[in-house]
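The next block holds one structure in the form of structure tokens; read it before the comments.
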Amino acid sequence: MNRIAFLVWLLAVCTNCQTTTIDTHEVTVSPVVDDEVTFSVTPWVFEGNDGVHIQTEYWNIYTTIQYEHILELLPTFYEELVDHYATVFGPLPYPDRRMDVFLFQSQSQWRMKVQDMLGRDAEQWFSLGRGGLTIDGVAVLYDLDRRGRSRTTLRIAAHEGWHQYAEAIFLSDLPTWLDEGIGTWMEGFRMRNGSIQFEPTSNWDRLSSLRKLVNAKRLSPLSEVMSSNPSALLNDSRSSLLGYYAQLWGLTSFLIEADDGVHREQMLNIFHQALDGTLKRRRVSPSYWLRFFTEDVDVFEQQYQTWISEFVKPGSSWR
């Protein structure tokens, strides 16, 4: 059975791949940020479509994207992602193996790859539309920005990259609500003066969706958010799934930022148990996870609801 994580945006080991590898050669590309990233580029072909295999310290990136400005950015962006994952919460391990990413020029190529990996089970994921999949630790994405700056594509790459990183370092799976929540929190970044700056609150799509829920008084209680199944929500509607991701982004922001990070240490406790393989997962209720953070679930719920209402207001201090 395949282990799948996926993401829908607002707007795994590869088997049976029809690919051809051509002679390897090294290329030198000026780094986008000050710290130089060492990587190699090998010509690669997928189903008759020319592409390249970019190998960095922590990634194998296979892409058919042809835009030079995107190709030049990918090695640095992905390497910076790993540094971000491993340091933003305090020291976490670096992966001991390279992680595989397939980033395609078109949705049709993406569908062919998903079909290669999942066979007859692939079709259920074609309704993702603007989104991406991680299958058994392998990310399968496609370009959503065309000739633009690839901001949406890279946000999805950052989200799915977290799932890949988490699968590589944790012995126990994180609970879905936290794994997906951290994924949304990793999406925020800005490009300033040619450098990448990861800023979790720089995520207008999540903020806009969350603000609409708050203003409509449709913010779900934590017990519901923590027990929701994203696969079931995909079958329900895209709007339900987008609201789910927005609320997880808000919840993760609350755990990390509220009251000067008072809940951050408890979240790290979950990470540490996942690292050593002692984290419980099966038949665990939302109240179990809430007990990591509080002895009074009702008070915690109210604090969360109040904080989120302030968080989404235009001109909030977090900007």
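The numbers here are math on the coordinates, done by the rules we state, and not lab data. Computed from a predicted structure; not experimentally measured. As a convention, Cβ positions derive from the backbone with ideal geometry for all residues, glycine included, and neighbour counts pool all protein chains shown.
Applying the Karplus relation 6.51 cos²θ - 1.76 cosθ + 1.60 with θ = phi - 60° to segment 181-188 yields 3J(HN,Hα) values of x, 5, x, 5, 5, 7, 6, x Hz, where x marks Gly and Pro. The GluC sites (Glu not before Pro) of segment 255-319 that DSSP puts in a loop, and whose beta carbon has at most 14 other beta carbons within 10 Å, are GLU295. DSSP loop (so not H, G, I, E, B), at most 15 other Cβ within 10 Å: list which trypsin sites (Lys or Arg not before Pro) in segment 91-167 pass both filters. Answer by residue number: ARG97, ARG98, ARG146, ARG147, ARG149. The gain in end-to-end length when the LYS280 to GLU47 segment is fully stretched comes to 79.7 nm, 0.36 nm per residue minus the alpha carbon separation. Full extension of the chain between GLU199 and ASP145 yields a length gain of 17.4 nm, computed as 0.36 nm times the residue separation minus the alpha carbon distance. Spin-label pair LEU268-GLU301: with each label point 7 Å from Cα along the Cα-Cβ axis, the two points sit 3.0 nm from one another. Using modelled amide H (1.01 Å from N, peptide plane; none on Pro or chain starts), what sits under 5 Å from the amide H of ASN60, excluding residues fewer than 5 places away? The list, which skips near neighbours in sequence, is MET99, ASP100, VAL101. Using DSSP, restrict attention to beta bridges with both residues in the chain and report what percent are antiparallel, rounded to the nearest 5. Restricted to the chain, the bridges split so that about 75 percent are antiparallel. Qualifying GluC sites (Glu not before Pro) in segment 44-94, where qualification requires a DSSP coil assignment and no more than 16 other C-beta atoms within 10 Å, comprise GLU47, GLU57. Evaluating 6.51 cos²θ - 1.76 cosθ + 1.60 at θ = phi - 60° for every residue in segment 68-76, the Karplus couplings come out as 4, 5, 6, 4, 5, 7, 4, x, 5 Hz, glycine and proline recorded as x. Sequence-ordered 3J(HN,Hα) estimates for segment 49-61 from the Karplus curve with 6.51, -1.76 and 1.60 and θ = phi - 60° stand at 9, 5, x, 9, 10, 9, 10, 10, 4, 10, 9, 10, 10 Hz, glycine and proline given as x. With the simple spin-label model, which puts each label point 7 Å out from Cα in the Cβ direction, the ARG98 to PHE126 separation comes to 3.2 nm. For the chain, the mean residue ellipticity at 222 nm estimated from helices alone is -14000 deg cm²/dmol, where every DSSP H run of n ≥ 4 contributes -39500 (n - 2.57) and the total is divided by all residues, rounded to the nearest 500. Please give me the summed charge of the neighbours of PHE300: other residues whose Cβ is under 14 Å from its Cβ, Lys and Arg +1, Asp and Glu -1. Charge balance in the 14 Å sphere: -4.
Put a dot 7 Å past the Cα of ALA216, heading toward its Cβ, do the same for ARG291, and the two dots end up 3.5 nm apart. For segment 282-308 versus segment 204-251, the inter-centroid distance based on Cα atoms is 17 Å. Once you order the gyration tensor axes a ≥ b ≥ c over the Cα atoms, which shape class does segment 204-311 get: rounded for a/c under 1.5, otherwise prolate or oblate by comparing a/b with b/c? Taking the square roots of the gyration eigenvalues as a ≥ b ≥ c, segment 204-311 is oblate.
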